[in-house]
Amino acid sequence: MWNRADPKSAWRMRMRQVRDAFQPGFRASWSRDIAERVTALPELAAANTVGVYLAMGSEVSLDGLIETLLLEGKKVYAPRVLEDRRTIVFCQLRDVSDVEIGYYGIREPRGEVVEALDLLLIPGLAFTLCGIRLGYGGGFYDRYLANTSRQAVKVGVAFDGQIVQELPTELHDIRMDHLVTDRRTYHCKG
């Protein structure tokens, strides 16, 4: 049961159900649409180091996009959870199959750690059009972004059905610069 004192818990449960209800065939097709929209971002073209995530469950799959980025010569990095179970670092990913199963059963790269990223693709359970993100509750991305000296362009990635009017926020929540769905690209700055 969710904690009634935490309004985000109810949102997380609801939005996980929404995302899980999308048929796998639609999710695969929409993930390809999202990859096309991401590759059209001028910020991606300018980026040398790109942070991605390795999808699990019903998340938007970036595997095809990762392969494209690697073929284009981009340096691609994915998160690895450190032993403290509170911190992530981004490690080089040379191939989507060069991973091991880590924290919470998430695929994690084996490569070396990067200190700063030019662009970071970020998953979530829900987003608003002004860049507010509802994550999974661990705070990994918020802590990572708060502690990096050089801020990456933050791109939220989600299916269009994960876009909502409003979400509860806290002071430590970090907003996205852009939001890419299977239907549109939203620019959240300003």
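Just checking, does region 139-149 include any residue being in contact with a Lys or Arg (Cβ under 8 Å, 6 or more places away or on another chain) and modelled with pLDDT of 95 or more? Within region 139-149 (the criterion being in contact with a Lys or Arg (Cβ under 8 Å, 6 or more places away or on another chain) and modelled with pLDDT of 95 or more), the answer is no, since none of the residues qualifies.
If only residues of region 151-163 that are modelled with pLDDT of 95 or more and assigned to a loop (DSSP other than H, G, I, E, B) are counted, the one that is surrounded by the most Cβ atoms within 10 Å (Cβ to Cβ) is Ala158.
Of the residues making up region 7-57, those that are surrounded by fewer than 16 Cβ atoms within 10 Å (Cβ to Cβ) and among the hydroxyl-bearing types (Ser, Thr, Tyr) number 3.
Filtering region 92-108 to residues that are of a type outside the set (Val, Ile, Thr) and either in contact with a Phe, Trp or Tyr (Cβ under 6 Å, 6 or more places away or on another chain) or not in a helix (DSSP H, G or I) (or both) leaves Gln92, Leu93, Arg94, Asp95, Ser97, Asp98, Glu100, Gly102, Arg107, Glu108.
May I ask you to say which residue of Arg184, Arg133, Arg175 is of a type outside the set (A, V, I, L, M, F, W, C) and buried (at least 20 other Cβ atoms within 10 Å of the Cβ)?
Checking each option against the conditions leaves just Arg133.
In region 17-39, how many residues are under 15 Å from the mean Cα position of the chain (by Cα) and closer than 11 Å to Gln162 by Cα? Adding up the residues that qualify gives 1.
Within the span defined as region 174-185, every residue fails to be without any contact (Cβ under 8 Å) to a residue 24 or more places away in the chain and either among the β-branched types (Val, Ile, Thr) or over 23 Å from Arg80 (Cβ atoms) (or both).
Considering (1) under 16 Å from Val50 (Cβ atoms); (2) at pLDDT below 95; (3) of a type outside the set (Val, Ile, Thr); (4) assigned to a strand (DSSP E or B), the lone condition that Gly111 does not fulfil carries the number (4). For region 1-28, name all the residues that are among the polar types (S, T, N, Q) and in contact (Cβ under 8 Å) with a residue 40 or more places away in the chain. Correct list: Ser9 only.
One line per residue, one yes/no per condition, for (1) farther than 14 Å from Pro109 by Cα; (2) part of a loop (DSSP other than H, G, I, E, B); (3) more than 16 Å from the chain's Cα centre (by Cα):
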position	(1), (2), (3)
Val60	yes, yes, no
Ile66	no, no, no
Gly73	yes, yes, yes
Arg80	no, no, no
Arg86	yes, yes, yes
Val89	no, no, no
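Could you check, for region 137-150, whether at least one of its residues is of a type in the set (A, V, I, L, M) and either buried (at least 21 other Cβ atoms within 10 Å of the Cβ) or within 22 Å of Val18 (Cα to Cα) (or both)? No, region 137-150 has no match at all.
The values are calculated or read from the model by the stated rules, or taken from the named source; none is laboratory data. Keep in mind that what you see is a predicted model, and the values were worked out from it rather than measured. All Cβ positions, even for glycine, are placed from backbone atoms using ideal geometry, and neighbour counts span all protein chains on display.
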